[in-house]
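Contents: one structure, followed by commentary.
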Amino acid sequence: MDMARLERAWTGAANRAEDAAGLYLIDSAMAEVARRGRDFRLRMGLIGVALGGWSLVAAYGIFGRGNVEPSREWGSLLLLAIAWAVLAVVVRRGWEGAAAAPPENLPGSLRALLSQVEGAMGRIRVMGLVVPIFLLALGLAVMQLGDVGKMTGSNIRDFALLATVGFGLSGSIMAVRYFRVLKPEAERLRRLLRQYEEGGV
C-alpha cells in the first residue's frame with residue numbers, strides 16, 4: 001500500500017464513507033490486509049516444508065541408514081528443535097486475531113494493517129533473540145560433525161565464514177526492514193488512527 005497516498009487522502013475528504021474515493025481506500029486497505037496475510041501464510045508454509053524435509057532426512061539418517069549417532073551428533077538435532085520452536089512461536093503470533101476478518105471500513109482495515117506491521121516487528125525481535133542461541137547450537141553441531149569425521153578443519157573454517165556472512169547479511173536486512181520500513185509504517189498508521197479518533201469520524 002502507498003502509505004503517503006493514504007495519508008494524503010485521509011487528511012482530505014476521502015475518509016468519509018459516502019465518498020467514492022473513501023470507498024476505494026477501504027477496498028485498497030482491505031486488499032492489502034488480505035495480501036499480507038497470504039504472503040505470511042506462504043512464507044510460513046515454505047519454511048515448514050523445508051523444516052519437514054530436514055526432519056525427514058535426520059530421521060532417515062538415524063533410523064534408516066544408521067549414519068547419524070544422536071548421542072554424538074545431538075547438536076544437529078538441537079538445531080532442528082530450535083528451528084521448529086521458533087516457527088511455532090512465529091506462526092502462533094501471526095495467527096493471533098487473524099480468524100476474524102477486519103471490519104469493512106477504513107479504521108478497521110488500518111487497525112488490521114497496524115496489527116500485521118506490529119506482528120512483523122515482533123517476529124524480527126524474536127529472531128534477534130533467537131539468532132545468538134541458534135549460532136551457539138550451530139557451532140556445537142559443526143564441532144560435533146568434526147569430531148565424528150564428517151567435516152574437516154577446512155570445512156569447518158569455510159562453513160564458519162559462510163555462516164558469518166549469511167547471518168550478518170540477513171541480520172542487516174532485518175534491521176533495515178525494522179527501522180526503515182516497518183517502524184515508520186507503524187507510526188504513520190497510529191497517527192492516522194489518532195486523527196480518526198480525535199476527529200470523531
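Of all residues in region 68-94, those being open to solvent by 70 Å² or more (accessible area, probe 1.4 Å), under 30 Å from Asp39 (Cα atoms) and hydroxyl-bearing (Ser, Thr, Tyr) number 0.
Test Met127 against the criterion of being surrounded by 15 or more Cβ atoms within 10 Å (Cβ to Cβ) and outside any helix (DSSP H, G or I), and give yes or no. No. Applying a threshold of 7 Å to beta carbon distances and a minimum spacing of six or more residues, or different chains, the list of pairs starting in region 45-65 at a residue that is touching a residue at least 24 places away in the same chain (Cβ under 8 Å) and ending at one that is open to solvent by less than 40 Å² (accessible area, probe 1.4 Å) reads Ile47/Leu87; Gly48/Leu87; Leu51/Ala83; Leu51/Leu87; Trp54/Leu80; Ser55/Leu80.
Every condition in (1) farther than 19 Å from Trp74 by Cα; (2) in contact with a helix residue (DSSP H, G or I) (Cβ under 7 Å, 6 or more places away or on another chain); (3) not small (Gly, Ala, Ser) is met by Val181 except one, and the failing one is (2). Per the listing Ala14, Ala31, Ala4, the residue uniquely under 18 Å from Leu110 (Cβ atoms) and at pLDDT 75 or above is Ala31. For region 99-112, the condition holds for no residue, the condition being that it is farther than 25 Å from Leu25 by Cα, at pLDDT 85 or above and buried (at least 17 other Cβ atoms within 10 Å of the Cβ). Within region 163-190, which residues are at pLDDT 90 or above and open to solvent by 80 Å² or more (accessible area, probe 1.4 Å)? Selection gives Val165, Leu169, Ile173, Val176, Arg177, Phe179, Arg180, Lys183, Glu187, Arg190. When Leu161, Leu182, Leu189 are checked against the criterion of being more than 17 Å from the chain's Cα centre (by Cα) and under 30 Å from Ile26 (Cα atoms), Leu189 stands alone in meeting it. Residues in region 23-67 that are over 29 Å from the mean Cα position of the chain (by Cα), open to solvent by 40 Å² or more (accessible area, probe 1.4 Å) and under 30 Å from Asp147 (Cβ atoms): Tyr60, Ile62, Phe63, Gly64, Arg65, Gly66, Asn67. Among the residues making up region 104-134, a single one is without any contact (Cβ under 8 Å) to a residue 24 or more places away in the chain and in contact with a Gly (Cβ under 9 Å, 6 or more places away or on another chain): Ser115. Selection over region 143-183 of residues that are touching a residue at least 60 places away in the same chain (Cβ under 8 Å) and in a helix (DSSP H, G or I) gives a count of 6.
The values are calculated or read from the model by the stated rules, or taken from the named source; none is laboratory data. Remember, it's a predicted structure, so these values are computed and weren't measured experimentally. Quick reminder, even Gly has a Cβ in these numbers, built from the backbone with ideal geometry, and neighbours come from all protein chains shown. Heavy atoms of the whole protein, side chains included, go into the accessibility calculation; ligands, DNA and RNA do not. Shrake-Rupley method; radii C 1.70, N 1.55, O 1.52, S 1.80 Å.
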